[in-house]
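Report on the structure given below.
The values are calculated or read from the model by the stated rules, or taken from the named source; none is laboratory data. Small disclaimer: the values here were computed from a predicted structure and weren't measured. FYI the Cβ positions are ideal-geometry reconstructions off the backbone, even for glycines, and counts take in every protein chain you see.
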Amino acid sequence: FEEAAPTREFHGTLLTRMSNTPFLTEEGDVTSASIGDLADVGANDYPDVYTRLIGSWGPDLKFGVSHWRSLGEPSLTSDIGFAKVPDLKVYLGLENRKLGPVDLRKLYLGNYTIAFGQGVVMENTDFFTPRKSGFGFRKRYLGLAGDNSRTREFKFTGAAAELGYKNAHLFLFGAFDKRDAILNRTPILFDGEEIHPFNQLIVLDQRFEYAPLDSSRRNAGLPWRSSVKELMYGFHGAYDLFSATQVGLTYYESAYNRPLRPDILEIVNGSDAGQIGLTDNEIYNAYGGPVSDGSNPFWSDAKSFRRVYGLNLQSIYENVAL
């Protein structure tokens with residue numbers, strides 16, 4: 001009996017979903033903007049369309065392509081020089097290779113997703129849920145994977161790798177992309193240059209260039225969509241102390257090409273400022289201001305940054321999980 005030599009085969013799935021009805025929309029979520037206001041920012045009658053292709057070529061090569069246009073959103077394209085193509089998420093992955101004594105468990109180029117420390121230390125998603133049941137779609141994928149999700153604001157476009165050596169695990173990752181953000185209407189003088197800082201990043205359900213009812217920013221040419229560039233890089237190291245017990249350390253930094261100046265009065269009407277109470281302390285304590293100003297050794301356009309350090313420990317003993 002002679003065992004047949006393994007051959008590479010293509011396997012994949014293609015999904016397309018279309019809908020013209022917003023899911024899970026409550027009355028309070030319906031915009032107060034008029035039809036005219038919506039038309040000014042490019043709203044239309046296009047349906048919600050989500051398409052994804054997930055495939056593999058043999059046991060170690062993975063790839064995926066996906067596209068999502070939200071209900072009523074303009075068709076967004078990217079100019080590649082000779083043509084305009086829809087904004088796609090694309091990834092190519094290589095898994096389970098040996099580099100001498102080191103295991104190259106995963107290497108992904110393009111769009112990828114990562115999560116560490118049960119999603120508390122890090123999880124790049126537009127749909128954060130603090131608690132997940134673990135059933136059905138309510139699962140949090142930990143580690144590194146190609147990204148076919150509907151996440152657009154916090155998507156990572158770059159490269160990431162997972163390495164292993166005995167009980168040690170190391171993740172290295174980096175990305176560069178544009179972020180949707182609210183720009184302050186009041187400019188500041190930064191290194192002799194007048195520039196509009198960004199107030200905060202924002203997840204847009206419909207990625208209009210300008211928000212309805214925000215004529216002041218539209219008239220000043222301060223778009224919400226793709227208004228800030230971000231360079232992100234970091235690592236996550238973990239060690240298995242013994243069976244079902246692991247300790248991990250995470251560090252990552254994001255650098256931006258605009259100063260970061262959180263200011264509640266830039267995004268809330270002055271007449272409503274008195275309604276902010278202690279329950280909104282996260283707004284008062286928003287991380288930003290001159291303390292976040294700084295350069296970056298890998299990017300000359302960087303003007304501000306955010307750094308995150310995280311430590312996580314998880315263990316399972318019999319029917320107890322910590």
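Assorted remarks:
- Any hit, the stretch 168-182, residues being part of a loop (DSSP other than H, G, I, E, B), surrounded by 14 or more Cβ atoms within 10 Å (Cβ to Cβ) and in contact with a Lys or Arg (Cβ under 9 Å, 6 or more places away or on another chain): yes
- Taking the stretch 1-116 and the strands (runs of 3 or more DSSP E) fully enclosed by it, the elements with 3 or more residues that are under 30 Å from His169 (Cβ atoms) and modelled with pLDDT of 85 or more are at 10-19, 48-57, 61-69, 89-99, 102-116.
- Scanning the stretch 285-322 for residues that are part of a loop (DSSP other than H, G, I, E, B) and either modelled with pLDDT of 85 or more or within 30 Å of Tyr239 (Cα to Cα) (or both) turns up Gly294, Ser295, Pro297, Phe298, Ser300, Asp301, Ala302, Lys303, Glu318, Asn319, Leu322.
Condition check ((1) outside any strand (DSSP E or B); (2) more than 22 Å from the chain's Cα centre (by Cα); (3) closer than 30 Å to Leu163 by Cβ; (4) of a type outside the set (Asp, Glu)) across all residues:
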| position | (1), (2), (3), (4) |
| --- | --- |
| Tyr210 | yes, no, no, yes |
| Ser216 | yes, yes, no, yes |
| Glu230 | no, no, yes, no |
| Tyr239 | no, yes, yes, yes |
| Leu249 | no, no, yes, yes |
| Glu253 | no, no, yes, no |
| Gly274 | yes, yes, no, yes |
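- Every residue from the stretch 184-224 that is of a type in the set (Lys, Arg) and crowded, with 19+ Cβ neighbours inside 10 Å: Arg207, Arg217
- Test for Phe235: is it in contact with an Asp or Glu (Cβ under 9 Å, 6 or more places away or on another chain), modelled with pLDDT of 95 or more and either crowded, with 19+ Cβ neighbours inside 10 Å or not small (Gly, Ala, Ser) (or both): no
- Of all the numbered requirements in (1) farther than 21 Å from Arg152 by Cβ; (2) touching a strand residue (DSSP E or B) at 6+ places or on another chain (Cβ under 9 Å); (3) surrounded by fewer than 16 Cβ atoms within 10 Å (Cβ to Cβ), Gly81 misses one, and that requirement is (2).
- Meets criteria (hydroxyl-bearing (Ser, Thr, Tyr), within 30 Å of Pro212 (Cβ to Cβ) and modelled with pLDDT of 95 or more) for Thr157: yes
- Criterion: more than 15 Å from the chain's Cα centre (by Cα) and either aromatic (Phe, Trp, Tyr) or surrounded by 14 or more Cβ atoms within 10 Å (Cβ to Cβ) (or both) - qualifying residue of Gly110, Gly164: Gly164
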